[in-house]
Amino acid sequence: MLSKEVLMTLYDRLFQAYGPQKWWPAETAFEMMAGAVLTQNIAWGNVEKAIANLKQAGQLDLEAIHRLGHERLAELIRPSGYFNVKARRLKNLCAWLLSQGGLDSLQEFPTDTLRQALLSVNGIGPETADDILLYAFARPVFVIDSYTRRLLKKLTLLNVPDVDYEGLRHCFETALEPDPVMFNEYHALIVQHAKQKCTDQADCKHCLVEESITN
DNA sequence: ACCCAGGGTCATA
DNA sequence: TATGACCATGGG
């Protein structure tokens with residue numbers, strides 16, 4: 001099992017190595033949500049191009065994307081890959097947001113209710129929903145991704161494949177205090193760490209983080 | 001030329 | 001429930 005001590009030690013190492021990450025990189029909550037869909041299984045660099053296209057076209061907006069034709073939207077987000085799929089998913093998200101009366105109406109939803117509602121939108125799975133809950137609504141939800149699994153596996157903290165998404169999320173959320181600011185930083189740091197290359201030096205930050213954490 | 005990147009859905013057994 | 005196919009661009 002994952003103890004609070006081990007998880008906080010890992011967090012401290014990551015923070016010491018890389019510092020605050022200032023996530024999510026978006027100017028508005030809606031931009032954040034759109035980015036969460038666009039980044040599905042694609043490098044963030046591609047998403048930046050797609051977001052830039054939408055901004056330049058003056059279409060990075062809830063109502064605008066809802067009105068936009070599929071072909072036009074797909075063309076604007078082309079650099080983010082899977083553009084036909086993601087155009088549909090963005091529109092699904094916008095249609096749902098509008099049906100709820102916009103972003104502000106959702107603030108009052110309890111976290112579990114909001115999570116279920118997000119998951120009911122076709123194209124929003126567990127990770128995308130949790131990204132949105134944490135980074136757009138500041139709810140204390142711990143985001144699990146492939147990097148999280150790989151890191152835990154590498155540190156031999158958990159036999160990763162035998163725990164599903166919900167199980168692993170539950171591990172983090174029960175072991176740690178429900179602090180959205182810390183959860184925000186923790187997930188961002190895991191991603192930052194994953195993108196890091198080992199410099200093969202004696203004081204390599206990457207290696208320092210990955211030194212075994214003894215229970 | 002190959003590999004993978006801040007997933008999710010759907011059809012099949 | 002558990003695999004596999006599919007979606008598709010851009011950087012290393």
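Bear in mind these aren't lab numbers, they're just calculated from the coordinates by the rules spelled out. What you see is a predicted model; the values in this text were computed from it and never measured. Every residue, glycine as well, gets a Cβ built from its backbone with ideal geometry; the counts of neighbours run over all protein chains shown.
A viscosity of 1.306 mPa s and a temperature of 10 °C, combined with the Kirkwood radius over C-alpha pairs in the Stokes-Einstein formula, give chain A a diffusion coefficient of 87 µm²/s. Derived scalar couplings between HN and Hα for the stretch A:154-160 equal 5, 7, 6, 8, 6, 7, 3 Hz in order, rounded to whole Hz, by the Karplus curve 6.51 cos²θ - 1.76 cosθ + 1.60 (θ = phi - 60°), x for Gly and Pro. Structural descriptor for the stretch A:29-135: relative contact order 30 percent, calculated from alpha carbon pairs under 8 angstrom and at least 6 residues apart. The lysines whose alpha-carbon is closer than 18 Å to the alpha-carbon of residue A:91, local same-chain residues fewer than 8 away aside, are A:55.
For residue A:11, neighbours were defined as the other residues whose beta-carbon sits under 12 Å from its Cβ, and their charges (Lys and Arg +1, Asp and Glu -1) total -3.
Would you kindly calculate the mean projected area, averaged across all directions, of the convex hull enclosing the Cα atoms of the stretch A:29-135, in square nanometres?
Mean orientational projected area (the stretch A:29-135, Cα hull): 5.9 nm².
Modelled this way, with points 7 Å down the Cα-to-C-beta line, the labels at residue A:199 and residue A:12 are 2.3 nm from one another.
When only Cα pairs below 8 angstrom with a gap of at least 6 residues are kept, chain A shows a relative contact order of 28 percent.
By the count of neighbouring beta-carbon atoms within 10 Å, fewest first, A:171, A:207, A:198 end up ordered A:198, A:207, A:171. The 3J(HN,Hα) values that the Karplus relation (6.51, -1.76, 1.60; θ = phi - 60°) gives for the stretch A:14-29 are, in residue order, 5, 5, 5, 6, 10, x, x, 9, 6, 8, 7, x, 7, 7, 9, 5 Hz. Gly and Pro appear as x.
Applying a DSSP loop filter and a limit of 12 other Cβ atoms within 10 Å to the GluC sites (Glu not before Pro) in the stretch A:131-215 leaves A:211.
Pairs exceeding 19 Å between alpha-carbon atoms, taken from A:49/A:205; A:22/A:195; A:154/A:197; A:154/A:195; A:153/A:195; A:4/A:197: A:49/A:205; A:4/A:197. The amide H of residue A:103, built 1.01 Å from its N in the peptide plane, has no neighbour under 5 Å, considering only residues 5 or more places off or on other chains. Here the sum of -39500 (n - 2.57) over DSSP H runs of 4 or more residues, divided by the residues of chain A, equals -18000 deg cm²/dmol at 222 nm, to the nearest 500.
Neighbour counting of Cβ atoms within 10 Å sorts the residues A:150, A:88, fewest neighbours leading, into A:150, A:88.
Whole-Hz Karplus values for the stretch A:33-50 come out as 5, 4, x, 5, 6, 5, 7, 3, 6, 8, 5, 4, x, 5, 5, 4, 5, 5 Hz, taken residue by residue from phi with 6.51 cos²θ - 1.76 cosθ + 1.60 and θ = phi - 60°; glycine and proline positions read x.
With the highest mean first, a sort of the peptides A:89-100, A:112-123 on other beta-carbon atoms found within 10 angstrom per residue produces A:89-100, A:112-123. The label point for residue A:95 and the one for residue A:150, both projected 7 Å from the Cα toward the Cβ, are 3.5 nm apart.
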